[in-house]
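I have placed the structure first, in the form of C-alpha cells, so that the comments after it can refer back to it.
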Amino acid sequence: MPPAKILVVDDQPVNVQLLQRKLEREGMAVLTAESGQDALDLVRRDPPDLILLDIMMPDMDGFDVCQHLQADPLTRAIPVIFVTARGTKESKLEGLATGAVDYITKPVDLDEMLARVQTQLRVLTINREKLDLEQRLAESRHAATIGSVSQGIAHNLNNLLAVVLGYIDLIRIQAAKPEQVKSHAANVENAIKRIAAVIKQLNLLAIETRPPTTAVPLGRLLAVGVARFQSDHHIADAPLIENPLGELIVHVQIEAFERILSALLLNAWESYGDAPSVRRTIELRSRRAVGAKFIEILIEDRGRGIAPGIRAHMFEPFVSTKQHVGVGMGLTIARHSLRNMGGDLALSDRQGGGTTATITYPLA
C-alpha cells in the first residue's frame, strides 16, 4: 500500500520544514507549497490525500484556497486541516464553515498535529472502503439481478414460444377450417405480443445511466401517471388522489415516472382479484419524508395483500402470481428505474389489510 500523501502549505519555509520532517519520519510522502496558488496548481497535478493549510498567507489566504478546493468536484473530497496562529472561536468556525475538517493553532505541537493527521487519514480510509464496498455490493446485486432475469426470461420465452409453435401446428392440421385457423392465429398474435412485452421490459432494465430530468409540478405528475394507468389498462375508475404538497416542483424523467405509477396502480388494482370495480379502492397520497429532502408517494389498496410465499422476493422478476402483488417484471422495473433517478421503492402491509407501495424520491 503506498504511503499517505500530505500537502503542507505555508508561506514560512521553517514551518514547512518542521511539519515535513515530522510527517516523513512517520513514513508519509510530503508535498510542499509556499502560496495558495502554488498549492492549487499542485493539487490539480498531483492530488494529495490530505492538506495542512496555513490561513495567513499573502495574495490568497487559506480560506480562499479552501473555497477553491470545495468548488471543484475533483478536489472537494480532499480533507483540509487549517494550521494558523488565529486561535479565536470565530476563526475556527469560519475555517470549518469553508470546508476544513480540523483546526490546529500555532505554535504547532507536532505530536498533536500527527495525531490529528492520522485520525483524518483513518476516516479517509474508512470512507474509501465504504465506497468500495458499496460498489462491490452494487455489482453483486446487478449480477444477481441479471442471473435472475436471465433465468426468468429464458423460462417465459420458452413457454411463449411453445405456445406459438403449438398453435402453428394446429393451424397446419386444421387448415381447412377457417374459424379454427382464425382463432389459432389470434392466439399466436397474443403470444407474440407477450414476447415483445418481455423484451421491452428487459431493455428498460438494461438502462444503467440516470436519465435526464424535467422540472414538473407534483400534482401534474400524479395526474398524468393516473391517466396513463387508466389508458394502458382500459380502466375507467380513477384512484383517489390526496396531494397536500400541491404543485411542488420535482425534477423527474416523466416517461419513466408515468410507467412506474402505472405499474404500481395496476398491482393495486389486481390485488382485488375478481372483485367488482366499485370495491377496488385505491388511494394515492403524497407527503414529505423525514428531513424534508425527499417526498413520499404512497399507493394503498385494501386487496389481498402480499403473499407470504413471495414476501422475500417481491422485486425479483417472474416470481409471483397474478393473484398477488408482484407480477412479472413490473416491480423489478419500477424499483430499478427509481434507483436510477435517486429514489427507491418499498412495499409493506397496510394496517387493516392490503398493501402500501411507497415511492421515495429526492427533491434535489
List the residues whose amide H sits under 5 Å from the amide H of Val8, counting only those 5 or more places along or on another chain, with H placed 1.01 Å from N in the peptide plane.
-> Leu31, Thr32, Ala33, Leu52
Mean projection of the alpha-carbon convex hull of region 5-108 over all orientations, in nm²?
-> 5.9
In whole Hz, the Karplus estimates of ³J(HN,Hα) for region 344-361 (6.51, -1.76, 1.60; θ = phi - 60°; x where Gly or Pro) are 7, 9, 9, 10, 8, 6, 7, 4, x, x, x, 9, 10, 9, 10, 8, 10, 9
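Of the peptides 259-269, 98-108, 293-303, how do they stack up when ordered by the mean number of other Cβ atoms within 10 Å, highest first?
Working: 259-269: 23.7, 98-108: 17.0, 293-303: 19.8.
In descending order of packing, they fall as 259-269, 293-303, 98-108.
Of His184, His68, how do they rank once you tally other Cβ atoms within 10 Å and put the fewest first?
Numbers: His184 20, His68 16.
Placing the least packed residue first, the sequence is His68, His184.
Apply the a/c threshold of 1.5 to the C-alpha gyration tensor of region 5-58 and tell me whether it is rounded, prolate or oblate. Could you put the intermediate results ahead of the total?
Values: a/c = 2.37, a/b = 1.16, b/c = 2.04.
Oblate is the answer for region 5-58, as a/c is 1.5 or above yet b/c matches or exceeds a/b.
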Pull up the cross-link candidates among the lysines for Lys293, meaning alpha carbon to alpha carbon under 30 Å and not fewer than 8 places away within one chain.
-> Lys92, Lys130
Put +1 on the Cβ of every Lys and Arg and -1 on every Asp and Glu Cβ in region 5-108; which of Tyr103, Val8, Ser35 then has its Cα farthest towards the positive end of the dipole?
-> Tyr103
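None of the figures in this text is laboratory data; all of them are computed from the coordinates on show. None of the values given here were measured: they were computed from a predicted structure. Virtual Cβ from ideal backbone geometry, glycine too; neighbours counted across all protein chains shown.
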